[in-house]
Amino acid sequence: MDDLIIISNLNDFIFCPASIYFHKLYGSEDTIMYQSKAQLDGTKAHEKIDNGTYSTRKNILMAIDVYSEKYGVIGKIDMYDENKKLLVERKKHVNKIYDGYVFQLYAQYFAMLEMGYIINSLEIRSLDDNKKYKIALPNEDDAMFKKFENLISEIRTFDLENYNQDNIEKCKHCIYEDACDRSLYRGGVEC
Ligand code: SF4
């Protein structure tokens, strides 16, 4: 399949489909130029994970690459506890469980199942306040599972040429606002 979806892009697509284009464009450049402070803090939290510095326990797998042929998604998991059969995604600070967080976990979950792992539970953790949020498995939450599948189809059929953002608030808080020709708020001015 040549139209693989990067798992971290699921959340970006929900925020604004056009942002995926910029994410790809600037993703390999010096991220400091394009990331907000909050995102950089989040990236630092993930650096620990990606460098495998968080845990040396053998039953904890971290930052492994995963791929689902069925959904055409590819990415990395954050942490998997083999003893508990628990898949965890840690974030710097969670004040709300956004759908995008859940869909990222779902994508990782389906990829890991295809790769032969067993997962009995899903969890999102907020590192700042050490809170844990249990997330229902896709087969326990039909509505979210349908939304996940719809999101995957929507991304596959998305047409950037004909897309226009209609929520100026999103552009005001978007890190790509300066570079984006669809922004409704360029250089601090409403367009
Ligand atoms: S500036 Fe606006 S239209 Fe452009 S990527 Fe950001 S949110 Fe989307």
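In a fully extended conformation the segment linking ILE64 and ASN162 would gain 31.7 nm over its present Cα-Cα distance, using 0.36 nm per residue. Computed from backbone phi with θ = phi - 60° and the Karplus coefficients 6.51, -1.76 and 1.60, the 3J(HN,Hα) list for the stretch 83-93 is 5, 8, 6, 10, 9, 10, 10, 9, 10, 4, 8 Hz; x is used for glycine and proline.
Residues whose amide H falls under 5 Å from that of VAL94, counting only those 5 or more places apart or on a different chain, are LEU127, ASP128, ASP129, with hydrogens built in the peptide plane. Between the beta carbons of LEU113 and ASP181, assuming R0 = 35 Å, the FRET efficiency works out to 0.30 to the nearest 0.05. Shape verdict for the stretch 53-191, please, from the Cα gyration tensor: rounded (a/c under 1.5), prolate (a/b greater than b/c) or oblate. Prolate shape, in that a/c is at least 1.5 and a/b is the bigger ratio.
A Förster radius of 25 Å combined with the Cβ-Cβ distance from LYS172 to ARG125 puts the calculated FRET efficiency at roughly 0.30. Using the alpha-carbon centroid of each, what span in Å lies between the stretch 166-180 and the stretch 73-135? Each part reduced to its Cα centre gives a spacing of 28 Å.
The trypsin sites (Lys or Arg not before Pro) of the stretch 59-115 meeting both criteria, a DSSP state outside H, G, I, E and B (loop) and at most 15 other C-beta atoms within 10 angstrom of the site's C-beta, are LYS70, LYS84, LYS85, LYS96.
Across the stretch 65-168, C-alpha contacts under 8 Å between residues 6 or more apart give a mean separation that, scaled by the residue count, equals a relative contact order of 24 percent.
No lab work stands behind these numbers, since they all come straight from the coordinates. What you see is a predicted model, and the numbers here were worked out from it, not measured in a lab. Don't worry about glycine lacking a Cβ; one is built from the backbone with ideal geometry, like all the others, and counts go over all protein chains shown.
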